[in-house]
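Take a look at the structure set out below.
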């Protein structure tokens with residue numbers, strides 16, 4: 001996926017560019033800066049001294065030396081004072097400058113730490129929001145693999161309001177264990193999708209059939225084949241046409257890379273992963289029933305016995321279709337991320 005949140009030590013990332021939280025002076029600071037200089041070796045500080053001071057909110061690029069990368073982009077993050085000294089603007093500029101430098105040097109991948117949250121004491125939830133917004137905005141116009149590298153869970157914090165809201169929704173809707181009889185019914189969909197209505201007009205409500213009608217239906221193989229509608233790939237392309245958007249707008253909004261979308265587009269029998277199917281449902285801004293019908297084309301369903309599914313349902317019901325923000329929540333709750 002073009003934007004991925006990972007737990008790792010950033011000095012171990014194998015990418016084209018590693019972003020360093022540098023000291024404005026040509027000296028080795030603490031934290032990420034110290035770790036990067038230690039692994040890169042003594043030649044890095046020599047090159048850094050030749051460059052000289054860096055202004056807050058600005059970035060410069062150097063060789064990566066002993067790191068598993070081509071370059072290091074050094075950014076000077078703002079120190080949090082009270083929020084009234086252009087802290088947010090300066091932090092946004094750090095991400096913009098780093099991404100633009102990576103693009104200028106024809107880099108295909110870049111790894112960021114969560115900038116300004118260490119000794120600079122930037123509020124973590126706000127720093128995370130800024131990082132996601134700036135990176136996702138860049139990816140809507142450019143192709144690059146971006147990693148947001150988190151050393152431990154303490155370094156990654158959702159806003160307290162959002163975390164509490166999602167946790168409450170999980171507590172109310174998540175069913176951890178059910179009886180065998182209850183689980184058996186998961187094999188039977190409660191509704192039969194009618195995609196002729198879904199792909200005509202602006203996502204009109206699909207017609208529904210009751211469980212009783214489903215159970216009473218003759219499901220011989222011949223009848224099943226005769227009643228099959230378009231598969232996932234064909235349905236996806238029809239829905240994209242309905243939006244009037246370019247393919248690239250949709251797959252970037254879904255956090256899907258161009259190569260995977262090409263596979264789906266050119267293979268009518270392609271069966272995506274569940275996270276990929278859901279990513280496209282979110283990018284198309286389908287409501288909950290439409291999402292269930294859509295992912296069923298790839299053989300998937302949403303279940304209250306899956307925390308991942310419950311979180312997806314939460315965001316759809318709240319009409320928040322931002323895949324990057326949803327991935328923040330999934331990461332916080334130790335769930336798979338949406339995308340490739």
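Rule-based calculations on the coordinates, nothing more; no lab input. Keep in mind that what you see is a predicted model, and the values were worked out from it rather than measured. Glycine also receives a Cβ, built like all others from the backbone with ideal geometry; neighbour counts cover every protein chain displayed.
Just the projected area, averaged over all directions, of the convex hull on the alpha carbon atoms of region 41-130: how many nm²?
The Cα convex hull of region 41-130, projected and averaged over all directions, gives 6.2 nm².
Please sort 257-269, 241-253, 102-114 by packing, taking for each peptide the average over its residues of neighbouring beta carbons within 10 angstrom, highest first.
Per-residue Cβ counts within 10 Å, averaged per peptide and sorted highest first, yield 102-114, 241-253, 257-269.
Does region 3-157 come out rounded, prolate or oblate, given a ≥ b ≥ c as the square roots of the eigenvalues of its C-alpha gyration tensor, rounded meaning a/c under 1.5 and, failing that, prolate meaning a/b above b/c?
Taking the square roots of the gyration eigenvalues as a ≥ b ≥ c, region 3-157 is rounded.
Looking only at region 3-157, where both bridge partners belong to it, what percent of the DSSP beta bridges are antiparallel (to the nearest 5)?
If I count the DSSP bridges inside region 3-157, around 25 percent turn out antiparallel.
May I ask for the distance between the Cα centers of region 277-316 and region 26-100, given as a whole number of Å?
Each part's Cα centre sits 40 Å from the other's.
What order, most packed first, do the peptides 68-77, 296-305, 161-170, 327-336 have when packing is the mean number of other Cβ atoms within 10 Å of each residue?
68-77, 327-336, 296-305, 161-170
Students often check this: by mean Cβ neighbours within 10 Å, which of 32-45, 272-285 ranks highest, and how do the rest follow?
Per-residue Cβ counts within 10 Å, averaged per peptide and sorted highest first, yield 272-285, 32-45.
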